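Below you'll find the structure, written out as structure tokens, and then a few comments.
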Amino acid sequence: MARHVVGRVEELPPGSHRVVPVGRRGVGVFNVNGAFYALYNVCPHAGGPLCLGPVTGTTEAIGPYQVRWVRDGEILRCPWHGWEFDLRTGCTITEPVERVQSYPVRVEDGLVILET
Ligand code: FES
């Protein structure tokens, strides 16, 4: 397993992310409310640069013709066709579930470490 220093914790505050040049396409490292997650920068739909898309939330049905905004900052939307992924799991938020490769991220001595 290879280890990559992403940066200092304070350089990646909640809501921020960074695409690390690992492998052919890179890996996106995201701070979601203080926890770090890493996803491969390739969308399983058609190979788009997934981690260059916006971090957003999604809607949830609360009744007939009624929705509310939920999970703000926890969803990554692919910039090519809009598929949405849960940053915590790498899974799409709709059926059928597709999954993008995810990687462990650790914090050691104030550094964010990506393991691939
Ligand atoms: S390539 Fe990502 S949604 Fe199509």
Quick calc, segment 3-115, dipole around Cα centre from Cβ unit charges on Lys, Arg (+) and Asp, Glu (-), nearest 20 debye, gives 260
Across 5 Å bins beginning at 0, the whole-percent shares of Cα-Cα pair distances in the chain come to 2, 12, 22, 23, 18, 11, 6, 3, 2, 1, 0
Ordered by number, the trypsin sites (Lys or Arg not before Pro) in segment 11-65 that occupy a DSSP loop and have at most 12 other Cβ atoms within 10 Å are 24
Summing +1 per Lys or Arg and -1 per Asp or Glu among the other residues with Cβ less than 9 Å from residue 86's Cβ gives 0
Relative contact order as a percentage, the chain, C-alpha pairs under 8 Å and 6+ apart, gives 27
Long-range amide H partners of residue 20, meaning residues 5 or more apart or on another chain whose placed amide H is closer than 5 Å, are 27, 28, 29
Simple SL model, points at 7 angstrom along Cα→Cβ for residue 106 and residue 16; separation in nm is 2.3
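Every number here is computed from the coordinates shown, using simple stated rules; none is lab data. Treat the numbers as computed from the prediction; the structure is a model and nothing was measured. Note that we place each Cβ from the backbone using ideal geometry, even for glycine, and neighbour counts take in every protein chain shown.
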